[in-house]
1. Can Gln275 be described as open to solvent by 30 Å² or more (accessible area, probe 1.4 Å) and more than 20 Å from Lys173 (Cβ to Cβ)?
2. Looking at Val58, is it touching a strand residue (DSSP E or B) at 6+ places or on another chain (Cβ under 8 Å), at pLDDT 95 or above and either over 25 Å from Glu335 (Cβ atoms) or open to solvent by 10 Å² or more (accessible area, probe 1.4 Å) (or both)?
3. Look through Leu106, Leu56 and report the one residue that is aliphatic (A, V, I, L, M) and over 21 Å from Arg128 (Cβ atoms).
4. Within segment 169-187, track down each residue that is crowded, with 16+ Cβ neighbours inside 10 Å and without any contact (Cβ under 8 Å) to a residue 40 or more places away in the chain.
5. Across segment 207-256, which residue is farthest from Gly164 (Cα to Cα) among those that are surrounded by 22 or more Cβ atoms within 10 Å (Cβ to Cβ) and touching a Ser or Thr at 6+ places or on another chain (Cβ under 7 Å)?
6. Within segment 37-85, how many residues turn out to be closer than 19 Å to Ser116 by Cβ, out of contact with any His (no Cβ under 7 Å at 6 or more places or on another chain) and not basic (Lys, Arg)?
7. Counting only residues that are closer than 23 Å to His342 by Cβ and part of a loop (DSSP other than H, G, I, E, B), which one in segment 103-129 is nearest to the chain's Cα centre (by Cα)?
8. Identify, please: which residue in segment 140-161 is in contact (Cβ under 8 Å) with a residue 60 or more places away in the chain and in contact with a strand residue (DSSP E or B) (Cβ under 8 Å, 6 or more places away or on another chain) and is, among those, surrounded by the most Cβ atoms within 10 Å (Cβ to Cβ)?
Amino acid sequence: MKIYLLRQHSKPFGGAEAYLSRLSSELERQGIEHEVIHSKAPLFLASWIRALLFNLQVCLTKKNRFYFSLERITCPDLYRAGDGVHKAYMERLKIQSFNPLHWVYLFLERRCFEKSRCIIANSQMIKREIMEHYQIPSEKIEVVYNGVPLKESDPLKAKKELSGEFGISEESKILLFVGSGFERKGVASFLKLLSTLEGNFIAFVVGKEKRMSRYEALAESLGLKERVIFTGARGDVERFYAASDIFLFPTHYEPFSNVVLEALSQGCVVFTTAQNGASEILPQEQIMKDPSDLGIQKHLQELLCNPSLLEQKKGESRQLAQGFGIEVNVQKSMEIITRLIHD
């Protein structure tokens, strides 16, 4: 049976969009017939209207199609909750808003969880949130961690290229943040942690942000003007991963961030918060209790001061990433799809 993959947006940046692209490529490689469906609604419409129109677009034309949806809709066969649980997200970030988009998401989310024949959660954290907030039975939810393509890289070449572009010493250790939407993903906490560290290091903040000047001013106020480089969105993020030593991602809420796997696969030592589902695969000492937790500072400082320990931990990161290739994710997802088709 042909599989229809649903995602409203087709923007080039975004974790879900990157996952969809990788999933589609792997299905094509395996010769599995599929089609990706995006929204036909014009972009000048309000976001909440476009969300409702996309739901109508796909549900009115469903017929006997098999829908593997990466979007909250009311008629999925299989729903991958890669965007997390919006109700939990609003509670976690204490969002009280009259923005109709939030209420449309909550409306679609409830019906999506209830109408799906099966739900894929990309972390145990998300499975718990679905069960707690919507009383969905455990047996309806399968946990399938994200996957990324595992590629060989040349760290020395990448570092040399970045050193040439940004005028930094090749001897400096590199700390990295990658993500768009700096407030939720914890750039302020990233900068505050950096301000507690000593040694020869430089940090890159890679990602799109409307209020970039606010974070540049914060970096300067923390004495980090010469240590932190804000690059904006980049199409060559893999070079930054390959050149970096430590990836620090103090996010406030993340179902399972692809950036953690991308960083691990390139040999970065990764630190993130317990509010990120991806923390479930990391060693306990690399998990922050929350974005303001400074408890990892000692471990970060030790890595910066101890080259042999840093190299050991980077090797462990590469080894850990081997279990999370995109082909593993697709295999597990296809097992669920096959079961649903034959039920």
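The values are calculated or read from the model by the stated rules, or taken from the named source; none is laboratory data. None of the values given here were measured: they were computed from a predicted structure. No Cβ is skipped: glycine too gets one built from the backbone with ideal geometry, and neighbour counts run over all protein chains shown. Remember, those area values only see protein heavy atoms, side chains included, never the ligands or the DNA or RNA. Shrake-Rupley method; radii C 1.70, N 1.55, O 1.52, S 1.80 Å.
1. Yes.
2. Against the criterion (touching a strand residue (DSSP E or B) at 6+ places or on another chain (Cβ under 8 Å), at pLDDT 95 or above and either over 25 Å from Glu335 (Cβ atoms) or open to solvent by 10 Å² or more (accessible area, probe 1.4 Å) (or both)), Val58 does not qualify.
3. Of Leu106, Leu56, the one residue that is aliphatic (A, V, I, L, M) and over 21 Å from Arg128 (Cβ atoms) is Leu56.
4. Across segment 169-187, the qualifying residues are Ser172, Phe182, Val187.
5. Pro255
6. The qualifying residues number 29.
7. Ser116
8. Out of the qualifying residues, it is Gly147.
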